[in-house]
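Trainee: One structure is given below, represented as structure tokens, and several questions about it will come after.
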Amino acid sequence: MNLTDFFRQLSLLMGLPAVLLGAAAVAVIVIMRDWRIVLFAYAVLSIVLALLLSQIIPPEWALLQAIVGGLIAVMLYLSARQLRWNPASGVSWEGRWPQMASLGSFRALAVALAAVTFLALREDLVLPQVDLLFSDAIFWLVLIGLLGLALHEEPLHAGLSLLAVLGGSELLLFSLIQNRTMIGVLEGGQLLLGLAISYLMVSRGLASSRTASGLARPGEDA
Amino acid sequence: MIAGPELVIGFLLLAAGAVYLLRKMEGLAALGAASAALLLAVLLWRLPLDTRVLVAGRTIWLGKAVVWEGVSLQIGAATQALLTFLLITAAVVFILAWLTYQGRTIYPFGLILVALWAAVAMVHPLTLAPGVIVLAAIVSVFLIQAGKAGETRGAWRQLLFPTLAVPLFLIAAWYIDQAPLNPDDQTPFKIAGWLLIAGFVLLLQPVPLHVAIPAIAGQAPPVVAAFLWIGGQTTVLFLLQRFVVTYPWLTAAVDSARWLLWLGVLTALLAGALAATQSSLGRYFGYAGLFDYGVLLVAMALRGTAGLPTAIWLVLTRAIALLTMAAGTALIRHHMESDRLDRIGGAISRLPMAVLALIAGGFALIGLPLTAQFASRWALFQLLAETDSRWVLLLLIGATGVVIGTVRAGRACFGPLSGSPVEREPWGLALAAFILVGLGVVIGLYPQLLTTPVAAVILPLSTLGP
């Protein structure tokens, strides 16, 4: 079975189900606090984006999105694991239990309000060379991604929100321009962005985990 | 034969690799990086663009384009001037960084940054340049953090806005390509114009998108912060000028000059007000630099009149002002182990030249007489008054805020020492601070010294092609 056949097998998922899954994934990235759930949502979003992109660009190019998304998820996982699961980080067993934040309900409310805005404006948004379903996906990803950027400044959540905005923009861009070099360069750029986000995650997390374990003050040399 | 872009980017990346290997010996790394930058600056300054020249047994053709998959890199006369300026600034920054304990990452990453800024200035199609700016922002993340754990706001904000700008430029490129298909329809130009303006607002980061500047000033080593502002902001303004000259319809589609004027004045006004109220030297430095940046944006908005020479003049003089203030701030922060205004009391008795550099840099950013920026600011205010004198008044109100901030920062350095014993500033540092302050005063007294370099850039910059 070649790649085209594989994507054909998944054709059931490619329409509305894929868009709904992607919409839910980006909402989870913005609302949830626990890094494992958020990273899983990002991995799902990357696969959904690859499925959607396979409708407008050749499947082997679309697969690049899933590969890059997977690599970013791995980088972020390793960074988070180094901070939260490494015994040297000083985080106790209890500290590794999934975390729920009281602000989660506020973020859920913000996403719900954004959903109302989305429903009110979706028919006014006219994007060139894009059908209504794609237009909805682009609008939702960019809207919720920007909301995530406004709500979070911590590198993991803010970084994934930025990648969600870029994912939405790619759906529009690749509908307009199907250029192999551009796709490669943009995906490569996302990978570098993922690297920078991982580095910032470690920089910030090291300080907070050291402070928590009383090893050092924030701001000192890592 | 080596083409100009290959020479610039290849040489800088090789030098960065070599300097990275030397990073443990900081003095050697700093001297190596500064020498490499200066050598390339001299080559760029001396070599002709349109003829082949034999250098060390290799033929170099500076003006030759490098083309790959429809993307080209080429050095024009204006790019040549910009690169010379960036490389000389980088050489000064490397030496200052070594003297003021700014961390070891600046030397290799600084050279890579200059290579990326050079690529932004050389690349065609222009709509790809913001992508290279994002690469530069990714590199600057490592410079801003400088290997330290803790606060990441400055680095994150530096990365955020250029990344958001990239899709806008690429979609604008599609509209620009569509426009010739239906020459009677101006809609694609209009949409592309608005997308480009929105993209440039994200790249320029005026108020209210200025949040990266004070965060970087509070977090990054001050000389690194000054380097990022001088290089990054100058490169983006150069890119804006390239867009305006390459796409003449842009000024007709959107009144970009008016937008820039409003944003520049708003930036200067708010930055001045915030500079007056800061409680740490780093953040005061950030807002003073932001005020100066707002004034530069105003000069760029007037580029249709005589604003372009004034903007070039300001770019040169602000580099001296920012580096002077950065050197003072870095020294005080390092020796006093804090930059909070309530913890730097007595700095004047142990670090007199650092305090002098701090105050002189502040006065230069305001544009007071006897400082590097006085003549260029005076010229700008006269030019602006011809349009509407109320704009000048608003800029002066902003400047008053920076005056208050400078007086507060200077005053905080007097009095008895507030903490543990402080080491005296080494003579090398004192000399570097004195040279920067002296250079500012000399240019303040004899501004005509800059006439030749400014005049040499005006024509290529106003007619530069893709």
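Read-outs throughout are calculated quantities, based only on the coordinates presented, and are distinct from any laboratory measurement. Note that the coordinates shown come from a computational prediction; the quantities given were computed from them, not determined experimentally. Because the Cβ atoms are built from the backbone with ideal geometry, glycine has one as well, and the counts that use them run over all protein chains shown.
Trainee: With 10 angstrom as the radius, rank B:353, A:75, B:325 by how many other C-beta atoms surround their C-beta, starting from the fewest.
Mentor: A:75, B:353, B:325
Trainee: Tell me which trypsin sites (Lys or Arg not before Pro) from segment B:1-91 have a DSSP coil assignment and no more than 11 other beta carbons within 10 Å of their own.
Mentor: B:24
Trainee: Still on this structure, please answer the following. Which one, B:308, A:182, B:370, is farthest towards the positive end of the dipole of the protein assembly as shown when Lys and Arg carry +1 and Asp and Glu -1 on their Cβ?
Mentor: Checking the options against the dipole of the protein assembly as shown, the answer is B:370.
Trainee: Between the DSSP loop rule and a limit of at most 16 other Cβ atoms within 10 Å, which chymotrypsin sites (Phe, Trp or Tyr not before Pro) in segment B:63-147 are left?
Mentor: In loop regions of segment B:63-147 (DSSP not H, G, I, E or B), the sparsely surrounded chymotrypsin sites (Phe, Trp or Tyr not before Pro) are B:101.
Trainee: OK, next. About the Cα centre of chain B, how large is the charge dipole given +1 on each Lys and Arg Cβ and -1 on each Asp and Glu Cβ? Please answer in debye to the nearest 20.
Mentor: Roughly 820 debye for chain B.
Trainee: If exposed means no more than 13 neighbouring beta carbons inside 10 Å and the site is in a DSSP loop, what's the longest run of chain B without any exposed GluC sites (Glu not before Pro)?
Mentor: Result for the longest clean stretch: B:70-336.
Trainee: Oh, and also: Using Cα positions and a limit of under 18 Å, work out the lysines in reach of residue B:24, with same-chain residues fewer than 8 apart set aside.
Mentor: Once the sequence-local lysines are set aside, what remains near residue B:24 is B:148.
Trainee: Hey, another quick one. Using unit Cβ charges (K, R positive; D, E negative) and no other charged atoms, how large, in debye to the nearest 20, is the dipole of segment B:255-466 about its Cα centre?
Mentor: 200 debye
Trainee: Just tell me, in residue order, which DSSP H segments of chain B are both 24 angstrom or longer along the helix axis (alpha-carbon based) and at least 1.6 in mean Kyte-Doolittle hydropathy.
Mentor: In chain B, the long hydrophobic H runs are B:4-21, B:77-99, B:129-145, B:187-204, B:427-445.
Trainee: Taking +1 at the Cβ of each Lys and Arg and -1 at the Cβ of each Asp and Glu, which of B:287, B:414, B:266 sits farthest along the dipole of segment B:255-466 towards its positive end, judged by Cα position relative to the Cα centre?
Mentor: Sorting the options by dipole projection puts first B:414.
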